[in-house]
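The structure under discussion appears below in the form of structure tokens.
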Amino acid sequence: MHAGARFVAQRLLLKPLVWSLVHVTTHGAHRLDELPKTFVVVANHSSHLDAPLVMGALPHRFSRYLAAAAAADYFFDVWWRKGLTSLFFNAFPVDRVGELRSKGLATTLLEDGVPVLIFPEGTRSRDTTIAPFKAGAAALSIKAQVPVVPVAMHGAQAAMPRTRNWPVRGRPPVAIAFGEPLVHRTGETVTAFNRRIESSVRDLYLSLVEPGDDGQRRIDPPSGASRNEGAA
């Protein structure tokens, strides 16, 4: 019942709305062809558009049960926001101050076969830069023995800056790139794995902008990446 309601909320309400407000291109979805049903999605974070963009761009077989980490002090502070966040994003609360308290819930979700979406920067960027990643997602991946899917988004911050509660007019462009799923290597520390995850997201992000640019313009994806305006 909950999955059915979430399908209606996500695919018939939220995605059409977001895709009507911003011009979305997706790249690299073919890299997810062999992805198992349980995984950790890791993405850069610059806008409240980020979670709906990732969920809308993922093929439905991967996004249907995806649970998004959401800040407990904002998205779970009042009943109506908690209800909407849970309905649209299958969200679980993250304590941004005491991060460890949320790891048990995320681990339980993964052990139950539920993939999770995490923004390792911990909060939205105030500009186009990517902050250092916290190691929680890497640790979860290692503990649950599931792959990490690196995702980079470009343009979301300009489309809906921190100072706005609604995207700017004119369907501003947003690009989303999916990287090759990453698996923990034997003997690799959490710190090293986290560094590799962060590097992959940064490389994906740079593939969407011109070298030396201010981060505001998109370029065509690297050879072999897909380019389309919907999501699979």
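The values are calculated or read from the model by the stated rules, or taken from the named source; none is laboratory data. Keep in mind the model is a prediction, meaning the values are calculated, not measured. In this analysis, Cβ positions are derived from the backbone assuming ideal geometry, glycine residues included, and neighbour counts consider all displayed protein chains. We work out accessible area using only protein heavy atoms, side chains counted, and drop any ligands, DNA or RNA first. Shrake-Rupley method; radii C 1.70, N 1.55, O 1.52, S 1.80 Å.
From the list 156, 106, the lone residue that is under 13 Å from residue 46 (Cβ atoms) and touching a residue at least 24 places away in the same chain (Cβ under 8 Å) is 156.
Of the candidates 225, 192, the single residue that is closer than 27 Å to residue 138 by Cα, modelled with pLDDT of 95 or more and either assigned to a loop (DSSP other than H, G, I, E, B) or open to solvent by less than 50 Å² (accessible area, probe 1.4 Å) (or both) is 192. Where helices (runs of 4 or more DSSP H) fall entirely within the range 96-175, those with at least 1 residues that are over 23 Å from residue 200 (Cα atoms) and open to solvent by less than 40 Å² (accessible area, probe 1.4 Å) are at 100-111, 156-159. Looking only at the range 22-38, residues that are in a helix (DSSP H, G or I) and open to solvent by less than 40 Å² (accessible area, probe 1.4 Å) come to 2 in all.
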